[in-house]
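Engineer: Following this message is one structure expressed as structure tokens.
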Amino acid sequence: MIKITNKDFSLDDLYSNIKSHKNGAVSIFLGTVREDLFNEKESIEAIFLECYEDLAIKQLDKIRTEAIHKWNLNNCIIVHRVGKIPLGDKIVFIMTSSPHREESIRSNEFIIDQLKTKAAFWKFSQYGDDSKIVEAKEKDLEKNLKWKDVIKN
Amino acid sequence: MIKITNKDFSLDDLYSNIKSHKNGAVSIFLGTVREDLFNEKESIEAIFLECYEDLAIKQLDKIRTEAIHKWNLNNCIIVHRVGKIPLGDKIVFIMTSSPHREESIRSNEFIIDQLKTKAAFWKFSQYGDDSKIVEAKEKDLEKNLKWKDVIKN
Amino acid sequence: MKVTVKYFSWIRVKLNKSQDLFEIEEKLNFKDLKLFLIKKDNFFSEIFSDDSIKFFINFKEIENETIDIVDGDELGILPPVTGG
Amino acid sequence: MKVTVKYFSWIRVKLNKSQDLFEIEEKLNFKDLKLFLIKKDNFFSEIFSDDSIKFFINFKEIENETIDIVDGDELGILPPVTGG
């Protein structure tokens, strides 16, 4: 399941979609709105998430399918919020399930690393009526490179 | 927060305890009851979790404190169920939060690896009135060793 | 033929619109489309010389600039992504 | 003095009880306690020669067998753990 939504979501509801007797391990990653997104003294008030939805769905689906095949997952759910998101709220949700923990953990990290550099979303920080574009991070690109061998195999 | 309980628990309730403007990343690991716990053809019906509670609380607290210091976490919650647990249900819950994802992800994996070999819990599988002890895994001990350098530093 | 061009992030903000629909007479490939757009607005020459920007035709990243543009195509112009 | 001994996992199952409360007259250390227990039930000689079993006094793993046992102490006898 892949979902792009402008509403907050329940972890319990999402979990109920993958609960299974075949799972021994479920890993979840949540990206949330941090007040010092720019590492500046000034705290932001919210963020705005822009998305190229038709493309993003295809990109997330590709990442999800790669992860499921590479780690033989039982299931995988990716949810990404768009629109205005208040401080502290969830931005992205990734859940992977597998018989053993190694697979759910590794694949979950793979997905967030890929998503950060390969899915058509853009963050803007908001201060009152002002908004500011969040710059892409070199570090995220580097994290991505570490999976190069994994997905070639 | 550390909790040992004989009841199922809500992910949303636990998440509400650590939601914060300081978090950019939250990682969750769930261990759940897999039907082929013994990799046998015969499916189990449930597991029974035994615990030396006073000791387990101390052990989990030590692991949690180590993780918080080593990765400078904003927060960490560990919940472990005891008693009879039906197929597919949650056994253990580990949630770590930090400004950036590297820390929440690494520390979360550290905690489950430590917990598996260093906390006073024992699994029994149940088939009707019969119960069978789950053997400790060599693999879990090996996974634990990989953190040796991390916690020395 | 009609070609939609979609703008995102700082490009959308700078142009103050999220898309354009262009009516084009001649047959062209992506290379020609770039020249067509630069002629329309010189801002596009900045876009096409920025290595960090990626171009997608119908949700597929362009690998070969000689790819033919056909009626109904959608060109997405994407600055580096920052989701997650 | 009184010493509680707690049994877990297969040891609890085998003994069919989760704990014992022993009344002990003489002053002793952990080494002596082991001999005391083996005298009570020879099953303990199997326990004390099993490298996979760990022993805790008052929730602290025993590092030195000469540690003194005092009134109210709790000895935990733990087979390899399998939680999580």
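Values quoted throughout were computed directly from the atomic coordinates according to the rules given, and no laboratory measurement underlies them. As the structure is a computational prediction, the values presented were derived from the model and not from experiment. Positions of Cβ are backbone-derived with ideal geometry, glycine not excepted, and every protein chain shown enters the neighbour counts.
Engineer: Tell me the distances, shortest first, between residue B:132 and the same position across the other copies, using label points 7 Å along Cα→Cβ, in nm to one decimal.
Structural biologist: Distances to the matching label points in the other copies: 6.1 nm.
Engineer: Can you list, shortest first in nanometers, how far residue B:62 lies from the same residue in the other copies, with each label 7 Å from Cα toward Cβ?
Structural biologist: Ordered by distance, the counterparts are at 4.9 nm.
Engineer: Considering only Cα-Cα distances, which of the following residue pairs are longer than 25 Å: B:84/B:143; A:7/C:2; B:62/D:31; B:118/D:6; A:19/B:3?
Structural biologist: Listed pairs above 25 Å: B:84/B:143; A:7/C:2; B:62/D:31.
Engineer: Quick one: 3J(HN,Hα) in Hz for the stretch B:79-93, Karplus 6.51/-1.76/1.60 with θ = phi - 60°, rounded, Gly and Pro as x.
Structural biologist: 10, 10, 8, 10, x, 7, 10, x, 3, x, 6, 6, 9, 9, 9
Engineer: Given points 7 Å out from each Cα along the Cα-Cβ axis, report the residue D:46 to residue B:10 separation in nanometres with one decimal.
Structural biologist: 4.8 nm
Engineer: Given DSSP loops and a limit of at most 11 other Cβ atoms within 10 Å, what is the longest stretch of chain A that contains no such trypsin sites (Lys or Arg not before Pro)? Write down the numbers at each step before the final one.
Structural biologist: On the way: sites that count: A:7, A:41, A:146.
Result, exposed sites excluded: A:42-145.
Engineer: So, one more: Using a 7 Å offset from Cα along the direction of the beta-carbon, what are the separations from residue B:146 to the same position in each other copy, nm, ascending?
Structural biologist: When each copy's label point is compared with this one, the spacings are 1.1 nm.
Engineer: Here's another thing I want to ask about it. Using only the Cα atoms, work out Rg/Rh for the protein assembly as shown, with Rh taken as the Kirkwood radius, to two decimals.
Structural biologist: 1.11
Engineer: Apply the a/c threshold of 1.5 to the C-alpha gyration tensor of the stretch A:19-72 and tell me whether it is rounded, prolate or oblate. Mind dumping the intermediate values first?
Structural biologist: Numbers: a/c = 3.27, a/b = 1.71, b/c = 1.91.
Because a/c hits 1.5 or more and a/b fails to exceed b/c, the stretch A:19-72 counts as oblate.
Engineer: Now a separate question. Which of D:10, D:57, D:35 sits farthest toward the positive end of the charge dipole of chain D, with +1 on the Cβ of Lys and Arg and -1 on the Cβ of Asp and Glu?
Structural biologist: D:10
Engineer: When Cβ neighbours within 10 Å are restricted to other protein chains, what is their mean count per residue of peptide A:14-21? Please report the intermediate quantities before stating the final value.
Structural biologist: Working: counts 2, 7, 1, 0, 1, 5, 5, 11.
Going residue by residue through A:14-21 and averaging, the value is 4.
Engineer: Okay, moving on. At q = 0.21, 0.29 Å⁻¹, what is the base-10 log of I(q)/I(0) for the stretch D:14-84 according to the Debye formula with one equal point scatterer per Cα and no solvent? Please give it to two decimals.
Structural biologist: For the stretch D:14-84, the Cα-only Debye profile gives -1.05, -1.86.
Engineer: Springs between alpha-carbon pairs under 10 angstrom, Gaussian network model over chain A: which of A:12, A:140, A:113 fluctuates most?
Structural biologist: The residue with the greatest mean-square fluctuation here is A:12.
Engineer: Counting other beta carbons within 10 Å of each Cβ, put B:117, D:66 in order, fewest first.
Structural biologist: Values: B:117 19, D:66 9.
Fewest-to-most ranking of B:117, D:66: D:66, B:117.
Engineer: How far is the Cα center of the stretch A:115-140 from the Cα center of the stretch C:33-68, in Å?
Structural biologist: With the stretch A:115-140 and the stretch C:33-68 each reduced to a Cα centre, they are spaced 22 Å.
Engineer: Describe numerically, in nm with one decimal, the distance between label points set 7 Å from Cα along Cα→Cβ at residue D:20 and at residue A:61.
Structural biologist: It is 6.7 nm.
Engineer: Additional query: Quick one: C:51, A:149, fewest Cβ neighbours within 10 Å first, how do they rank? Write out the running numbers ahead of the final one.
Structural biologist: On the way: C:51 5, A:149 8.
Neighbour counts put them in this order, fewest first: C:51, A:149.
Engineer: Please order A:47, C:53 by the number of other Cβ within 10 Å, starting at the fewest.
Structural biologist: C:53, A:47
Engineer: Please turn the phi angles of the stretch A:96-107 into ³J(HN,Hα) values with the Karplus equation 6.51 cos²θ - 1.76 cosθ + 1.60 (θ = phi - 60°), one per residue in order, whole Hz, x for glycine and proline.
Structural biologist: Couplings: 10, 9, 7, x, 10, 6, 3, 5, 5, 5, 4, 5 Hz.
Engineer: About its Cα centre, what dipole magnitude does the stretch C:2-78 give when the only charges are +1 on Lys and Arg Cβ and -1 on Asp and Glu Cβ, stated in debye to the nearest 20? Don't skip to the answer; put the middle values down first.
Structural biologist: On the way: 12 positive and 16 negative charges, 66 e Å.
It comes to approximately 320 debye.
Engineer: Considering every residue in B:95-101, what mean count of other chain Cβ atoms within 10 Å of its Cβ is obtained? Intermediate results must be reported in sequence, preceding the final value.
Structural biologist: Details: counts 2, 0, 2, 1, 5, 2, 10.
For peptide B:95-101, the averaged partner shielding equals 3.
Engineer: Please find the FRET efficiency linking residue C:32 to residue A:36, where r is the Cβ-Cβ separation and R0 is fixed at 45 Å, and quote it to the nearest 0.05.
Structural biologist: 0.45
Engineer: How compact and how long is the stretch B:2-145, expressed as Rg and Dmax of its alpha-carbon atoms in Å?
Structural biologist: Calculated on Cα positions, Rg and Dmax stand at 15.7, 49 Å.
Engineer: Quick one: what are the phi-derived ³J(HN,Hα) couplings along the stretch C:34-41, Karplus 6.51/-1.76/1.60 with θ = phi - 60°, whole Hz, x for glycine and proline?
Structural biologist: So the Karplus estimates, Gly and Pro as x, are 4, 4, 4, 5, 4, 5, 5, 8 Hz.
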